[in-house]
Amino acid sequence: MYKIFIRPLLFIFKPETIHKIVFISLKAGAKIPCVKFILKSIFTVNNKQLNREVFGIKFKNPVGLAAGLDKNAEVFDMLGYMGFGFVEIGTVTPKPQKGNPKPRLFRIKKDLGLINRMGFNNKGVDYAVKQLKKKKSDIIIGGNIGKNTLTPNNRAIDDYEYCFDALNDYVDYIVVNVSCPNIKDLQELQDKDALLAILTRLKEKSLKKSQKKPILLKISPDLTNNQLDDVIEIVNITKIDGIIATNTTIKRDGLTTSNEKINTIGNGGLSGKPLNKRSTEIIKYISVKSNNKIPIIAVGGVLTTNDAIEKLKAGASLVQIYTGFIYEGPMFIKQINKAILNVV
């Protein structure tokens with residue numbers, strides 16, 4: 001139904017236009033009492049075999065929504081009713097920012113992918129906190145944090161600290177995002193020394209809080225094996241709680257979409273099916289190198305139920321979707337959970 005009738009209709013419009021329409025619809029639906037129960041009855045799979053406990057958090061199921069969709073924490077309750085085991089909001093920054101100029105989000109349908117250069121567009125972490133205070137469901141929430149574009153890298157640690165403090169009491173885990181390719185010079189913070197400084201500061205702050213929330217690091221799929229070794233070492237040194245693998249890629253290898261169209265789109269992070277193989281390789285590499293001691297949330301190129309199963313078998317504890325949610329529709333969450341039950 002979705003791929004035959006609904007998706008073609010949605011894809012007539014520009015991606016950001018559809019995003020707004022969907023969010024307006026979800027917000028309107030949240031005000032209708034019966035909608036919650038209808039969504040849960042259609043999309044939710046209730047089975048104790050899907051329960052997972054990862055970095056001290058109990059998840060009803062291992063399928064989550066990746067950061068980037070509910071940037072401002074506006075519809076997480078409704079997304080929870082649609083079957084997700086957890087929802088990651090953000091990326092949020094200390095100050096509101098518009099992000100990069102439009103157009104900045106593009107579908108590459110032949111490759112089941114998206115290219116974005118959104119640029120951390122969001123209403124600021126304080127707005128997100130106001131929304132989180134209205135939480136009505138028991139959905140697990142992750143908070144993805146970044147720095148403002150105008151903040152120089154030598155002061156980036158202050159931005160991460162501000163967001164960390166603001167979100168700590170209102171989310172279940174916090175994700176440090178230094179791997180987005182759409183913020184100028186951001187990926188320089190993946191340098192070992194810079195990353196150590198940020199994660200050490202946040203871990204120290206966490207230990208002083210009455211509510212200690214897990215800290216995760218989101219990494220790029222474009223890291224070399226030597227850089228992945230550095231990541232593993234940094235996790236061991238700082239004692240943070242896990243890794244999210246992976247963010248979007250700047251590479252354009254093996255696409256069936258014409259070079260002309262790709263060049264017309266220009267810069268941005270590529271997500272979707274083209275990212276699947278590399279994301280899984282990184283998950284497996286980290287899992288093996290760390291002797292399965294580092295919890296991993298898998299994200300990147302999950303377009304089929306088999307993709308999700310492969311990532312879990314590669315060493316991930318949980319899996320997130322984003323582009324697959326766009327291309328496959330809301331029933332995709334239920335399909336993944338049922339597939340997981342078939343291999344338990």
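Quick notes on this one:
- Scanning the stretch 309-341 for residues that are assigned to a helix (DSSP H, G or I), in contact (Cβ under 8 Å) with a residue 40 or more places away in the chain and within 27 Å of Leu26 (Cα to Cα) yields Thr323, Gly324, Phe325, Ile326, Tyr327, Glu328, Met331, Ile333, Lys334, Ile336, Asn337, Lys338.
- Those strands (runs of 3 or more DSSP E) of the stretch 30-131 that lie entirely within it include none in which at least 3 residues are among the aromatic types (Phe, Trp, Tyr) and closer than 23 Å to Phe13 by Cβ.
- Some residue of the stretch 175-192 being among the β-branched types (Val, Ile, Thr), part of a helix (DSSP H, G or I) and surrounded by 18 or more Cβ atoms within 10 Å (Cβ to Cβ): no
- In the stretch 98-154, the residues that are of a type in the set (Gly, Ala, Ser), out of contact with any strand residue (DSSP E or B) (no Cβ under 9 Å at 6 or more places or on another chain) and under 23 Å from Lys184 (Cβ atoms): none
- Among the residues of the stretch 38-50, at least one is of a type in the set (D, E, K, R), surrounded by fewer than 24 Cβ atoms within 10 Å (Cβ to Cβ) and within 21 Å of Gly329 (Cα to Cα).
- Every test in (1) touching a Cys at 6+ places or on another chain (Cβ under 8 Å); (2) within 28 Å of Thr257 (Cβ to Cβ); (3) not β-branched (Val, Ile, Thr) is passed by Pro94 save one, and that test is (2).
- The set of residues in the stretch 132-155 that are outside any loop (DSSP other than H, G, I, E, B) and either surrounded by fewer than 22 Cβ atoms within 10 Å (Cβ to Cβ) or of a type in the set (Val, Ile, Thr) (or both) comprises Leu132, Ile140, Ile141, Ile145, Asn153, Asn154, Arg155.
- The residues of the stretch 181-235 that are without any contact (Cβ under 8 Å) to a residue 40 or more places away in the chain, farther than 26 Å from Arg278 by Cβ and among the basic types (Lys, Arg), listed by number, are Lys203, Lys208, Lys212.
- Residues that are surrounded by fewer than 17 Cβ atoms within 10 Å (Cβ to Cβ), at pLDDT 95 or above and part of a helix (DSSP H, G or I) occur in the stretch 267-277; there is at least one.
- Checking each residue in the stretch 243-273 for being of a type outside the set (S, T, N, Q) and under 14 Å from the mean Cα position of the chain (by Cα) picks out Ile243, Ile244, Ala245, Gly269, Leu270, Gly272.
- Residues satisfying the stated conditions in the stretch 296-308, i.e. within 24 Å of Pro214 (Cα to Cα) and not in a helix (DSSP H, G or I): Ile296, Ile297, Ala298, Val299, Gly300
- Of the criteria (1) farther than 19 Å from Leu112 by Cα; (2) out of contact with any strand residue (DSSP E or B) (no Cβ under 7 Å at 6 or more places or on another chain), which one Asn276 fails: (1)
- Any hit, the stretch 208-224, residues being part of a loop (DSSP other than H, G, I, E, B) and touching a Lys or Arg at 6+ places or on another chain (Cβ under 9 Å): yes
- Flag for Glu233 being farther than 19 Å from Ile141 by Cα, in a helix (DSSP H, G or I), at pLDDT 95 or above and of a type outside the set (A, V, I, L, M): yes
- Apart from one condition, Asn292 fits all of (1) in a loop (DSSP other than H, G, I, E, B); (2) under 20 Å from the mean Cα position of the chain (by Cα); the exception is (2).
The values are calculated or read from the model by the stated rules, or taken from the named source; none is laboratory data. Only a predicted model underlies this, so the values are computations on that prediction, with no experimental measurement involved. Glycine gets a Cβ as well: all are built from the backbone with ideal geometry, and neighbour counts include every protein chain shown.
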